[in-house]
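The values are calculated or read from the model by the stated rules, or taken from the named source; none is laboratory data. Treat the numbers as computed from the prediction; the structure is a model and nothing was measured. Quick reminder, even Gly has a Cβ in these numbers, built from the backbone with ideal geometry, and neighbours come from all protein chains shown. Heads up: the accessible areas ignore ligands, DNA and RNA and are worked out on the full protein's heavy atoms, side chains in. Shrake-Rupley method; radii C 1.70, N 1.55, O 1.52, S 1.80 Å.
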Amino acid sequence: MNWTRRTVLIFLGFLCLGLTAQDNSVKITLIQMNDVYELLPLGNDRGGLARVATLRKQLEKENPNTYVFLAGDLISPSAVGTAKINGERLAGKQMIAAMNALGLDYMTFGNHEFDVDESQLLDRIAESKFHWISGNVYHRKMGHPFPGVAPRLIFNAGGKVNVGIFSLCLNQAQRDYVVYDNNLVQIARRDVKALREGGADIVIGFTHLSMAQDKMVGEEVAGIDLILGGHEHEAQSDTRYTPVFKADANAQTVYIHHLTYETATGNLNIDSKLKVIDGSIKDDPATLKVAKEWFDKAIKALGVDPNKAIVTPTEDLDGREASIRNGSTLLTRILADGMMEAGKAAKIQASIYNVGSIRVDDVLRKGTSLSEYDILRVLPFGGEHQWCEIRGDLLVKTLDQGLKNAGSGGYLQYDNITGSAGNWKLGGKSIKASSWYKITFSDYLLTGRETNLPYLKCEQGDCPGDSMKYGGTVGNIQEALVTGLKKAFP
Ligand SMILES: [Zn+2]
């Protein structure tokens, strides 16, 4: 054998090895979004579903085994979703239409899917051209799975690899038509076992849980390759055990996961990158058309101007439910203060509102101007605030219950009231049981329908008990927010 021939043989040998390795490896691309309520880019020019659609097409061109996942929270909350068209609220119809155009493949429940009524949710699922998956959410009457929702799912990528998906959702939204199984670890174990036995080579946890819950599932359940999660609204990852990833809300970023699976060895390599969605990505015309049509129709119905800047905050305004349903933030204080300002003429002593009025579930970033549309994003239900005289003992009872309502929309926010259970002060002075106080309340609080507050009832002069007297309308609550914002950021 001469040198030349040996060199050629070695070269051929390498070539064969390369080909073999290539034949045995399958590449899969996953695009991950979570917590998406907005159709179009936000004030900071991040997000926009037409851009995500373009990204999907680009990645699909590179690798036909490309799949788009949305890890929960799509149907609600959004200002656009509250618009009434043909007498019916959109309630997420616009998001399903846009996701159908974008080419979403897999969706799981987030807590906000249950903000809407049962019939609305069933309609939204029926309108979807993508798969819904949930392993722990049950329909109270129809059982499990919800109609149109798979309990878990296996799909085949490239004719060679089976990818199994299981899904879990946290039990934050309590609705009479929804039942949760909270044994997250147990369900994950059951589903991973079923998926592996069903032939899954790769198992993906597709969840809408807190990061702590995702980590717990990832640590305690063997056999999960990757967790695509949501709920936190800010991009984060944890790769100590099973890797967990979450992107920023409203498709301001998406995670792109490049998976390489070796069929011979079962070895899986995952390369995950966070991708910013901004103006550097062109709009996909078909998706943009759908998104814009719904947005324009809704904006017209709502009668707001999304381009009219009202104020540019110089500090972040935290409106995330986890923050505002358990304490006050600058945003909640600004609204309470705006209500007080509006009540000056009526000599209001304090303002109180149910924090469920604030639905934005997001952080409004400093330096980004807020428009009329953003005011609507914060307070989509609008309404008035009205003043009443209330006796001190009922006021104390109400404030005590507000604290007990922590975690729910019935948690109370206020201005000029301080203290805690057993020690409430108004204007720095202890509240006296027999004294009367002039307070402006969000109108929903006066309906008697707020969580555990049936005794707080005083609508338009109709105050059944002897502890409240109706005063009058102070103003619109959205206007109160504008007043508060202009005062805070002159
Ligand atoms: Zn959520």
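Observations on the model:
- Scan of the range 237-266 for residues that are among the small types (Gly, Ala, Ser) and either out of contact with any helix residue (DSSP H, G or I) (no Cβ under 7 Å at 6 or more places or on another chain) or open to solvent by less than 20 Å² (accessible area, probe 1.4 Å) (or both), ordered by number: SER237, ALA247, ALA249, ALA251, GLY266
- Residues located in the range 356-371, provided they are more than 16 Å from the ligand (Cβ to nearest atom) and in contact with a helix residue (DSSP H, G or I) (Cβ under 8 Å, 6 or more places away or on another chain): SER357, LEU364, LEU370
- If only residues of the range 69-104 that are within 21 Å of PHE245 (Cβ to Cβ) and more than 16 Å from the ligand (Cβ to nearest atom) are counted, the one that is surrounded by the fewest Cβ atoms within 10 Å (Cβ to Cβ) is GLY103.
- Residue within the range 311-324 that is part of a loop (DSSP other than H, G, I, E, B), under 21 Å from the mean Cα position of the chain (by Cα), farther than 24 Å from GLY230 by Cβ and not assigned by TED's automatic domain parsing to the domain that holds ASP115 present: no
- Those helices (runs of 4 or more DSSP H) of the range 372-490 in which at least 2 residues are touching a Phe, Trp or Tyr at 6+ places or on another chain (Cβ under 8 Å), considering only elements entirely within it, cover 392-404.
- Test: SER128 is among the hydroxyl-bearing types (Ser, Thr, Tyr) and in contact with a helix residue (DSSP H, G or I) (Cβ under 7 Å, 6 or more places away or on another chain): yes
- Residue in the range 105-117 that is assigned by TED's automatic domain parsing to the domain that holds LEU209, open to solvent by 50 Å² or more (accessible area, probe 1.4 Å) and either modelled with pLDDT of 95 or more or of a type in the set (A, V, I, L, M) (or both) present: no
- Matching option when the condition is free of Cβ contacts under 8 Å to residues at least 60 places away in the same chain and either closer than 16 Å to ASN416 by Cβ or open to solvent by less than 20 Å² (accessible area, probe 1.4 Å) (or both), among LYS432, LYS457, LYS487, LYS438: LYS432
- Being in contact with a helix residue (DSSP H, G or I) (Cβ under 7 Å, 6 or more places away or on another chain), assigned by TED's automatic domain parsing to the domain that holds ALA222 and open to solvent by less than 10 Å² (accessible area, probe 1.4 Å) holds for only one residue in PHE166, PHE206, and it is PHE166.
- Count - residues of the range 46-100 that are more than 30 Å from LYS160 (Cβ to Cβ) and part of a helix (DSSP H, G or I): 12
- Looking across the range 145-173, the residues that are of a type outside the set (A, V, I, L, M) and in contact with a Ser or Thr (Cβ under 8 Å, 6 or more places away or on another chain) come down to PRO145, PHE146, GLY148, PRO151, ARG152, LYS160, SER167, CYS169.
- Scanning the range 101-127 for residues that are of a type outside the set (A, V, I, L, M) and under 19 Å from PHE166 (Cβ atoms) gives ASP105, TYR106, THR108, PHE109, GLY110, ASN111, GLU113.
- Which numbered condition ALA173 fails, given (1) under 27 Å from ALA212 (Cβ atoms); (2) more than 16 Å from the ligand (Cβ to nearest atom): (2)
- Criterion (at pLDDT 95 or above and under 22 Å from PHE155 (Cα atoms)) met by exactly one of LEU49, LEU90, LEU59: LEU59
- Considering residues of the range 318-348 that are in contact with a strand residue (DSSP E or B) (Cβ under 8 Å, 6 or more places away or on another chain), more than 30 Å from GLY110 (Cβ to Cβ) and not acidic (Asp, Glu) only, the residue nearest to the ligand (Cβ to nearest atom): MET339
- Among the residues of the range 161-217, those that are aromatic (Phe, Trp, Tyr) and within 21 Å of ASN65 (Cβ to Cβ) comprise PHE166, PHE206.
- Here GLY81, GLY48, GLY43, GLY110 are screened, and the one residue that is in contact (Cβ under 8 Å) with a residue 24 or more places away in the chain and at positive phi is GLY48.
- Meets criteria (crowded, with 23+ Cβ neighbours inside 10 Å and part of a loop (DSSP other than H, G, I, E, B)) for ARG359: yes
- A single member of PRO64, PRO41 is modelled with pLDDT of 95 or more and open to solvent by 40 Å² or more (accessible area, probe 1.4 Å), and it is PRO64.
- Tallying residues that are among the small types (Gly, Ala, Ser) and surrounded by fewer than 17 Cβ atoms within 10 Å (Cβ to Cβ) within the range 267-282 yields 2.
- Any chance GLY402 is small (Gly, Ala, Ser), crowded, with 19+ Cβ neighbours inside 10 Å and either at pLDDT 95 or above or farther than 18 Å from THR82 by Cβ (or both): yes
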